[in-house]
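Colleague: The structure follows.
The values are calculated or read from the model by the stated rules, or taken from the named source; none is laboratory data. As the structure is a computational prediction, the values presented were derived from the model and not from experiment. For neighbour counting, all protein chains shown are included, and Cβ atoms are generated from backbone atoms with ideal geometry for every residue, glycine included.
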Amino acid sequence: MNIDAKPYPFELPETLPALIIIDMQRDFVEQGGFGSSLGNDVTLLLKIVPVVERILQVARDLGMLVIHTREAHKADLSDCPESKRMRGQCAVRIGDQGPMGRLLIDGEPGNEIIDTLKPLPGEYEIAKPGKGAFYATALQDILSEHDITHLFFCGVTTEVCVQTSMREANDRGYECLLIEDATESYFPDFKQATLDMISAQGGIVGWTSPSESVISALKSRYGQ
Ligand code: TIU
């Protein structure tokens, strides 16, 4: 069973693939979080929420491994390079107090995954200090423990944390597919460029496909 994808059909493995949901936390989609501190219109990201909800429900129904990530730093900022904290000309920076608590700090209200996508028991929730989900996290060990070979990516933002994580996964030998309408950027052109560059050159980073194709193929391949 294949998924209709770019640049060519994505072959589903015998064993269940994993779903990786990148950084669907209040910091990026709600006013007053890290995303808006950088000067972005965060409302642009909200349109993917129902799509990510649908994919998450299918992954749960099929018993897939689900990994949620959050971009998060320790309260003492010991895992936040000064270069990252000082980048940009923002009035409020990582670790500073905002309307949803300290920006991008683990445990603060703004760092929580949005209500409708909250992880369930048995799902992994990874706090990651970098843009990539593999950097300084246990992600690779978790995937190895579960014999995962194929990964489906969604979340925000497309050209920052999603693309970085997908490239890290690609370099580690995983077959990766980015779900087109389940990822979003503050810059629509950057989203499109990222989708294009992933599947260019014969799938140099992996595949992309709309959620409808992904969901119907997953259900036919792994459903009862
Ligand atoms: N600023 C931006 O587009 N993204 C980030 O800072 N982090 C993630 O992409 N999660």
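Colleague: Return the pairs, sorted by first residue and then second, in which the second residue is hydroxyl-bearing (S, T, Y) and away from the ligand (no atom under 12 Å from the Cβ), the first residue lies in the range 149-178 and is within 21 Å of L117 (Cβ to Cβ) and touching a residue at least 60 places away in the same chain (Cβ under 8 Å), the beta carbons are less than 7 Å apart, and the residues are 6+ apart or on different chains.
Modeller: Partner pairs satisfying both residue conditions: L151/Y174; L177/T208; L177/S209.
Colleague: Here's something else I'd like to know. Looking only at the range 179-192, filter to residues that are free of Cβ contacts under 8 Å to residues at least 40 places away in the same chain, within 14 Å of the ligand (Cβ to nearest atom) and touching a helix residue (DSSP H, G or I) at 6+ places or on another chain (Cβ under 7 Å); which one of those is nearest to L45 (Cα to Cα)? Give the derivation first.
Modeller: To start, the set of residues in the range 179-192 that are free of Cβ contacts under 8 Å to residues at least 40 places away in the same chain comprises 180, 187, 189-192.
Filter again for within 14 Å of the ligand (Cβ to nearest atom), leaving 187, 189-191.
Still in the list and also touching a helix residue (DSSP H, G or I) at 6+ places or on another chain (Cβ under 7 Å): 190-191.
On the way: F190: 13, K191: 11 Å.
By that ranking, first place goes to K191.
Colleague: Which one of these does A59 not meet: (1) within 19 Å of the chain's Cα centre (by Cα); (2) over 30 Å from Q201 (Cβ atoms); (3) among the small types (G, A, S)?
Modeller: (2)
Colleague: Exactly one condition in (1) within 12 Å of the ligand (Cβ to nearest atom); (2) on the phi > 0 side of the Ramachandran plot; (3) in a loop (DSSP other than H, G, I, E, B) is false for I94; which is it?
Modeller: Result: I94 fails condition (2) only.
Colleague: Using the structure shown, decide if P119 is in contact with a His (Cβ under 6 Å, 6 or more places away or on another chain) and within 17 Å of R26 (Cβ to Cβ). Full working, then the answer.
Modeller: On the way: in contact with a His (Cβ under 6 Å, 6 or more places away or on another chain): yes; within 17 Å of R26 (Cβ to Cβ): yes.
When the stated conditions are applied, P119 passes them.
Colleague: Return the residues of the range 177-219 that are polar (S, T, N, Q) and assigned to a helix (DSSP H, G or I); say none if nothing qualifies. Steps first, answer last, please.
Modeller: Looking only at the range 177-219, we keep the residues that are polar (S, T, N, Q), and these are 183, 185, 192, 194, 199, 201, 208-209, 211, 213, 216.
Within the range 177-219, Q192, T194, S199, Q201, S211, S213, S216 qualify.
Colleague: Something else now. Return the residues of the range 23-40 that are outside any helix (DSSP H, G or I), out of contact with any helix residue (DSSP H, G or I) (no Cβ under 8 Å at 6 or more places or on another chain) and of a type in the set (G, A, S); say none if nothing qualifies.
Modeller: Quick first cut of the range 23-40, residues outside any helix (DSSP H, G or I) only: 23-25, 30-33, 38-40.
Okay, now just the ones that are also out of contact with any helix residue (DSSP H, G or I) (no Cβ under 8 Å at 6 or more places or on another chain), so 38-40.
Within the range 23-40, just G39 meets the criteria.
Colleague: Here is a follow-up. Out of curiosity, is R167 within 16 Å of the ligand (Cβ to nearest atom) and not acidic (D, E)? Break it down stepwise before answering.
Modeller: Values: within 16 Å of the ligand (Cβ to nearest atom): yes; not acidic (D, E): yes.
So R167 fits the description; yes.
Colleague: Further question: Note down all Cβ pairs under 6 Å where the first residue falls in the range 104-125 and is in contact (Cβ under 8 Å) with a residue 40 or more places away in the chain, the second is β-branched (V, I, T) and part of a loop (DSSP other than H, G, I, E, B), and they're at least six residues apart or on different chains.
Modeller: That search, which allows pairs on different chains as well, returns L104/I94.
Colleague: If T43 meets every condition in (1) part of a helix (DSSP H, G or I); (2) surrounded by 15 or more Cβ atoms within 10 Å (Cβ to Cβ); (3) of a type in the set (V, I, T) apart from one, which number is that one?
Modeller: Of everything listed in (1) part of a helix (DSSP H, G or I); (2) surrounded by 15 or more Cβ atoms within 10 Å (Cβ to Cβ); (3) of a type in the set (V, I, T), T43 misses just condition (2).
Colleague: Can you name the residue in the range 126-164 that is within 16 Å of the ligand (Cβ to nearest atom) and part of a helix (DSSP H, G or I) and, of all such residues, is surrounded by the most Cβ atoms within 10 Å (Cβ to Cβ)? Explain how you work it out, then say what you get.
Modeller: From the range 126-164, those within 16 Å of the ligand (Cβ to nearest atom) are 126-137, 139, 153-164; that's our starting set.
Then keep just the ones that are part of a helix (DSSP H, G or I); that gives 139, 158-164.
Working: L139: 23, T158: 29, E159: 19, V160: 20, C161: 23, V162: 31, Q163: 26, T164: 18.
Of everything passing the filter in the range 126-164, V162 is surrounded by the most Cβ atoms within 10 Å (Cβ to Cβ).
Colleague: Answer yes or no as to whether E11 is acidic (D, E) and under 24 Å from P129 (Cβ atoms).
Modeller: Numbers: acidic (D, E): yes; under 24 Å from P129 (Cβ atoms): no.
So E11 does not fit the description; no.
Colleague: For the range 1-9, does any single residue satisfy the condition of being of a type outside the set (G, A, S), modelled with pLDDT under 95 and outside any helix (DSSP H, G or I)? Walk me through how you get there before you give the answer.
Modeller: In the first step, residues of the range 1-9 are kept if they are of a type outside the set (G, A, S); the result is 1-4, 6-9.
Then keep just the ones that are modelled with pLDDT under 95; that gives 1.
Now narrow it down to the ones that are outside any helix (DSSP H, G or I): 1.
Checked against the condition, which is being of a type outside the set (G, A, S), modelled with pLDDT under 95 and outside any helix (DSSP H, G or I), the range 1-9 yields at least one hit.
Colleague: So I198 fits all but one of (1) among the aliphatic types (A, V, I, L, M); (2) surrounded by 24 or more Cβ atoms within 10 Å (Cβ to Cβ); (3) within 21 Å of R70 (Cα to Cα); what number is the exception?
Modeller: It fails just one condition, (3).
Colleague: Step by step: first the residues of the range 22-68, then only those that are within 14 Å of the ligand (Cβ to nearest atom) and in contact with a Cys (Cβ under 8 Å, 6 or more places away or on another chain), then the one that is nearest to L117 (Cα to Cα). Which residue is that?
Modeller: V52
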